[in-house]
1. Does A18 count as in contact with a Ser or Thr (Cβ under 6 Å, 6 or more places away or on another chain) and modelled with pLDDT of 90 or more?
2. In this structure, does V90 turn out to be in contact (Cβ under 8 Å) with a residue 12 or more places away in the chain and of a type in the set (V, I, T)?
3. Which numbered condition in (1) more than 18 Å from the chain's Cα centre (by Cα); (2) more than 16 Å from Y51 (Cβ to Cβ); (3) modelled with pLDDT of 90 or more is the only one that A170 fails?
4. Looking at segment 46-62 only, could you name the residues that are assigned to a helix (DSSP H, G or I) and surrounded by fewer than 18 Cβ atoms within 10 Å (Cβ to Cβ)?
5. Does segment 78-109 hold any residues that are β-branched (V, I, T) and buried (at least 21 other Cβ atoms within 10 Å of the Cβ), and which are they?
Amino acid sequence: MSAEKVERRPAKTVELVAGALIIALTATVPILSLFLLLVIVITGAVATYSYIVRHQVPLSYKEAFRFGALTAFIGGVLTVLVEFLLIKGVGYNPSIEKIRLLTEMARTLPPADAMKFKDMLSIASAVPAEYSFVDLLLSMPLVGIFFAPFSGLGARLSVYILKRQARRSAPPVTRP
C-alpha cells in the first residue's frame, strides 16, 4: 500500500466567523441592510483575500467559491438566529424597521416613482406577525442558501485579482 500525500490547509475558522458576523450585523441593522447584497459580495472577497494573504496559501476558483459560499451560508444562518432572538427576546423586529426606513425614503420620491415604490413596498412588507421556532428552522438554511452564491462570487473575484497581481509582479521568463 502506498501512502497518499494529503495536503493540509490552515484552518479557515477566523475568516469564516468574521465574515459571518459582518453579514449578520449588516442584515440586522436597518440602514446597513439596504446594501446587504453588496456587503455579502465584499465579505466573501475580503474573507478569501484575508485567508490567502494571512496563510500564504493559494486557492483555486472552486475552493474560493466554496469558502465564500460557506461564509455567507453561516452568515445567513446567524442572521436568522439573531433576528429571531431580537424578536423573541426584546420585541425588536429588524424587518419592520427596514420597512419604516423605506417608507420614509418613499416620501421624498416624485409621484410617478412613488407609486412603483409603493407597490414594491407592499410586497416587501408581507412580514409575518408571529415568528415560530419552525419558521426559524426553515428560514435558516433558505437564507443561507440565498446568500451563498453572492459571497462565492466575491471570493472568486478576490482570487482573480490576486492571481492577476501575481502574474504582473512575477519576473519575466527568459528562455535559453
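1. It is false that A18 is in contact with a Ser or Thr (Cβ under 6 Å, 6 or more places away or on another chain) and modelled with pLDDT of 90 or more.
2. So V90 fails the test.
3. Against the list (1) more than 18 Å from the chain's Cα centre (by Cα); (2) more than 16 Å from Y51 (Cβ to Cβ); (3) modelled with pLDDT of 90 or more, A170 comes up short only on (3).
4. Within segment 46-62, S50, V53, R54, H55, Y61, K62 qualify.
5. If the condition is that a residue be β-branched (V, I, T) and buried (at least 21 other Cβ atoms within 10 Å of the Cβ), then T79, V80 are the ones that fit.
The values are calculated or read from the model by the stated rules, or taken from the named source; none is laboratory data. Computed from a predicted structure; not experimentally measured. Please note: Cβ atoms are built from the backbone with ideal geometry, for glycine as well, and neighbour counts cover all protein chains shown.
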